[in-house]
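Here the structure comes first, spelled out in structure tokens, and everything after it is commentary.
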Amino acid sequence: MSVHYTLNLRVFWPLVTGFCTALVCLYHVLSGRGGSTAPQDGEDAGFPLLKAILLLFLGYLLLRFRHAARQRFLPRAPHQGLAPSSPRLLHEPGLSVLLESYYEHEVRLSPHVLGHSKAHVSRIVGELVRAGRARGSPGPSAGGALALAFRGDFVQVGSAYEQHKIRRPDGFDVLVPLRLPPLVALEPRGLGSEPELPAALRGCFVCALKAPPPPPSGGAGHQWHRDSKPFSDGFCVDLRGRRHLSAALVSRWFQAHLQRCLATVRYSLEERCRVSLSPGGLDQPPTLHILPCRTDYGCCRLSMAVRLIPAVHLGDGVFLVAPPWPPPGLLPDLPGGLKAEALWGLNTARQEQRLLGWLQERAPPGSCHLKCLQLLKALRDLGARGLDPGASSQWGRILSSYTLKTALLTLLLRGDSLHSWEELRLRERLEELVLYLRDCLLRRRPLFHCLLGPEGAVGLSAEIGPLPKVLREAAPVDLLASYDGRARELVAARLVSTWRRLPQLLRVYGGPRYLSRCPQPRSQRVQGFPEHDP
């Protein structure tokens with residue numbers, strides 16, 4: 001399904017010429033059948049038809065010549081050499097034109113289609129969340145007033161709302177904030193400062209229940225424990241002698257509550273769309289599928305998948321979300337008495353949106369930093385072609401969209417001036433991103449989370465406002481530290497190889513969309529990462 005509207009001049013002008021010719025011929029035929037007498041000067045009567053055809057044909061030739069001349073004589077960016085330690089990898093004179101063509105036809109999203117899709121998602125999710133707030137949380141473990149519930153709003157996050165989504169507007173991420181009982185307070189703590197933990201866990205958090213301070217008379221602490229027991233039994237686990245909020249239990253309740261809410265609003269949505277909910281798996285939250293109705297004749301009849309992510313608000317736009325860990329039973333107890341079901345991830349999408357907006361204000365008009373990120377995602381997708389499913393999955397996990405966005409933000413914040421990201425330097429900045437990712441993969445430099453840790457929080461507080469305490473006190477987290485060194489080396493080699501072969505790949509896969517979707521023969525797939533990329 002085409003996701004944006006691109007005018008193909010090779011087809012458009014011949015179609016217009018033929019259509020106008022057919023209309024004029026039909027007009028003359030119908031006029032002749034009506035009995036009207038032809039004018040005596042028949043030659044003059046045919047002149048308007050010939051003139052219209054000739055003008056359309058000349059317009060078609062003029063636009064084709066202009067398009068070809070623009071591709072041939074397009075001014076290229078002046079050579080701005082990279083640092084001496086980062087020599088240029090690619091010397092293709094026509095790469096700028098290939099990148100621009102590929103971006104327009106395969107990467108860029110139509111703002112019209114994306115806007116309609118986001119508005120449709122907002123309406124559907126809004127009704128679902130409002131129904132969840134109205135229903136409350138019935139059940140034996142609800143505990144009356146001490147129960148989880150929907151807060152009534154939702155937070156749109158991800159690339160679709162940060163202006164760097166590519167190809168298809170068919171996937172969206174939405175945070176659904178949960179309302180905690182009034183008597184329940186949380187005490188989050190990061191695990192980055194515990195060296196005995198595996199690197200994959202140092203970006204996680206645990207969240208203990210926080211008892212209110214005891215009054216001078218005493219006795220209220222025992223009363224709080226008795227009052228909060230229903231919530232503690234239903235949504236918490238014991239960890240190091242304290243009750244901690246369980247991501248697994250909260251996610252299980254969230255899925256069941258979503259099913260009840262969907263049953264409530266399904267009938268009211270039948271005239272606009274068909275909705276269904278697929279339960280979350282080991283590595284993803286529940287997904288709401290929105291299918292267009294047969295009677296929907298809108299201009300953007302797209303099938304969309306919306307990931308609904310339960311989130312616990314910590315304040316200042318920071319949320320706790322369930323990390324993609326297997327449920328309890330599939331993993332043994334973790335070091336230090338930790339349990340997998342008690343681990344949470346930190347979502348800083350609101351702060352990152354604010355940071356991107358601040359960078360956009362400082363950047364020159366027509367800055368290419370978001371375009372670079374979109375093309376880097378497309379480069380990653382091109383590099384995954386030909387890999388077997390296991391290697392392709394590992395390639396996508398290491399070069400995730402969040403990793404690529406973090407690399408871009410790091411370069412933007414580290415650079416002396418944002419004026420070096422003007423449109424004419426798109427190719428150089430894209431190569432700089434590839435080289436930076438290569439160095440991070442080869443452990444030549446870390447790729448830290450931009451907002452975690454005192455350095456990132458203090459450095460950005462003056463630009464985007466004071467950051468929450470949980471971000472300032474968290475330890476810095478290297479996003480690539482949890483991956484095997486050999487896998488990182490292979491990904492780095494393939495990434496550089498894909499960049500070097502980019503002109504050939506763009507010529508092969510930069511044509512019509514249906515050609516790029518043709519499956520590759522099984523005999524040509526690469527089993528695992530190749531030892532030496534061509």
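For the stretch 357-370, enumerate the residues that are open to solvent by 10 Å² or more (accessible area, probe 1.4 Å) and under 15 Å from His419 (Cα atoms).
Trp358, Gln360, Glu361, Arg362, Ala363, Pro364, Pro365, Gly366, Ser367, Leu370
Tell me the strands (runs of 3 or more DSSP E) entirely within the stretch 142-201 that contain at least 1 residues that are open to solvent by less than 10 Å² (accessible area, probe 1.4 Å) and in contact (Cβ under 8 Å) with a residue 12 or more places away in the chain.
Working: elements: 155-157, 171-179, 185-190.
Result: 155-157, 171-179.
Tally time: how many residues in the stretch 466-515 are within 15 Å of Arg380 (Cβ to Cβ) and at pLDDT below 85?
1
Is it the case that Ala384 is touching a Phe, Trp or Tyr at 6+ places or on another chain (Cβ under 6 Å), modelled with pLDDT of 90 or more and open to solvent by less than 30 Å² (accessible area, probe 1.4 Å)?
Yes, satisfied.
Give me a count of the residues in the stretch 111-122 that are surrounded by 14 or more Cβ atoms within 10 Å (Cβ to Cβ) and either of a type outside the set (Val, Ile, Thr) or farther than 14 Å from Gly171 by Cα (or both).
So the count comes out to 6.
Identify all residues within the stretch 357-366 that are in a helix (DSSP H, G or I) and among the aliphatic types (A, V, I, L, M); write none if there are none.
Selection gives Leu359 alone.
Only one of (1) under 27 Å from Ser482 (Cβ atoms); (2) of a type in the set (D, E, K, R); (3) touching a Lys or Arg at 6+ places or on another chain (Cβ under 8 Å) is not met by Glu196, so which one is it?
With (1) under 27 Å from Ser482 (Cβ atoms); (2) of a type in the set (D, E, K, R); (3) touching a Lys or Arg at 6+ places or on another chain (Cβ under 8 Å) applied to Glu196, the lone miss is (3).
Does His289 fit the bill of being at pLDDT 90 or above and crowded, with 17+ Cβ neighbours inside 10 Å?
no
Under 9 Å between Cβ atoms, at least 6 apart or on separate chains: pull out the pairs that start in the stretch 430-455 with a residue that is under 23 Å from Gly485 (Cβ atoms) and free of Cβ contacts under 8 Å to residues at least 24 places away in the same chain and end on any residue that is small (Gly, Ala, Ser) and surrounded by fewer than 19 Cβ atoms within 10 Å (Cβ to Cβ).
Asp439/Ser86
Please name all residue pairs, on different chains or six or more residues apart, with Cβ atoms under 6 Å, provided the first residue is in the stretch 243-254 and is in contact (Cβ under 8 Å) with a residue 40 or more places away in the chain and the second residue is of a type in the set (D, E, K, R) and open to solvent by 30 Å² or more (accessible area, probe 1.4 Å).
Cβ pairs passing all conditions: Ser246/Glu341; Ala248/Glu341.
Check Arg76, Arg64, Arg130 and return the single one that is of a type outside the set (A, V, I, L, M), outside any loop (DSSP other than H, G, I, E, B), modelled with pLDDT under 65 and open to solvent by 80 Å² or more (accessible area, probe 1.4 Å).
Arg64
Of all residues in the stretch 320-356, which are modelled with pLDDT of 70 or more, farther than 17 Å from Trp253 by Cα, open to solvent by 30 Å² or more (accessible area, probe 1.4 Å) and part of a helix (DSSP H, G or I)?
Pro335, Gly337, Arg350, Gln353, Arg354 - these are the residues of the stretch 320-356 that are modelled with pLDDT of 70 or more, farther than 17 Å from Trp253 by Cα, open to solvent by 30 Å² or more (accessible area, probe 1.4 Å) and part of a helix (DSSP H, G or I).
Can you name the number of the only condition in (1) small (Gly, Ala, Ser); (2) over 22 Å from His105 (Cβ atoms); (3) open to solvent by 30 Å² or more (accessible area, probe 1.4 Å) that Ser401 fails?
Every condition holds for Ser401 apart from (2).
Being closer than 20 Å to Ala342 by Cα and open to solvent by 60 Å² or more (accessible area, probe 1.4 Å) is the filter here; which residues of the stretch 226-261 pass it?
Lys229, Asp233, Asp238, Arg240, Gly241, Arg242, Arg243, Arg252
Are any of the residues in the stretch 447-457 modelled with pLDDT of 85 or more, within 30 Å of Pro188 (Cβ to Cβ), outside any helix (DSSP H, G or I) and more than 22 Å from the chain's Cα centre (by Cα)?
Within the stretch 447-457, not a single residue is modelled with pLDDT of 85 or more, within 30 Å of Pro188 (Cβ to Cβ), outside any helix (DSSP H, G or I) and more than 22 Å from the chain's Cα centre (by Cα).
The values are calculated or read from the model by the stated rules, or taken from the named source; none is laboratory data. Predicted, not measured: the structure shown is a model, and the values here were computed from it. FYI the Cβ positions are ideal-geometry reconstructions off the backbone, even for glycines, and counts take in every protein chain you see. Protein only, heavy atoms only, side chains kept; ligands, DNA and RNA dropped before computing areas. Shrake-Rupley method; radii C 1.70, N 1.55, O 1.52, S 1.80 Å.
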